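Have a look at the structure that comes next, please.
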Amino acid sequence: MPENDGVSERHVLVLPDRDAAEEVAEELPDRFGVAEEPQLVRDALAGEDDAEDAQWLVVVEDPDGRLDPAALDGLAAEYEGWLEAP
C-alpha cells in the first residue's frame with residue numbers, strides 16, 4: 001500500500017477582530033496565490049459572550065504545503081495577530 005506523503009496542511013491565523021480577519025483573507029490571494037477562499041471563524045474567549053471580546057481565525061488550506069509559515073505570521077503581525085503553532 002503506497003504511503004500518503006501529500007498531507008494537506010492547514011494554517012490558522014489569529015486576528016484581534018473581524019475587520020482584521022477580513023482584510024487578511026482579502027490579502028491572501030494577492031500575496032500568496034491562495035486559490036481556495038479562507039474560512040473566517042469567530043473564536044470567543046472562554047466565558048465571553050460579547051463579540052467585542054472575540055478573536056477571529058482565518059483558516060487557510062494549503063494542500064501542496066507551499067505556503068511559508070513565517071510569511072503568513074508576518075502578514076498576521078501586520079494586523080496585530082499571529083500564526084497559530086501547529
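The values are calculated or read from the model by the stated rules, or taken from the named source; none is laboratory data. This structure is a prediction, so every number in the text was calculated from the model and none was measured. Quick reminder, even Gly has a Cβ in these numbers, built from the backbone with ideal geometry, and neighbours come from all protein chains shown. Quick note on the areas: whole protein, heavy atoms, side chains included, nothing else; ligands and nucleic acids left out. Shrake-Rupley method; radii C 1.70, N 1.55, O 1.52, S 1.80 Å.
Expressed in nm to one decimal, what extension gain is obtained for the pair E80 and A35 from 0.36 nm per residue of sequence separation less their Cα-Cα distance?
On the way: separation 45, 0.36 × 45 = 16.20 nm, distance 2.43 nm.
Contour length minus the Cα-Cα distance gives 13.8 nm.
What accessible area, in Å² to the nearest ten, does a 1.4 Å probe give for W56?
W56 exposes around 30 Å² with every protein chain in place.
Provide the packing ranking of 67-79, 13-25, i.e. peptides ordered by the mean count of other C-beta atoms within 10 Å per residue, highest first.
Top to bottom by mean Cβ count within 10 Å: 13-25, 67-79.
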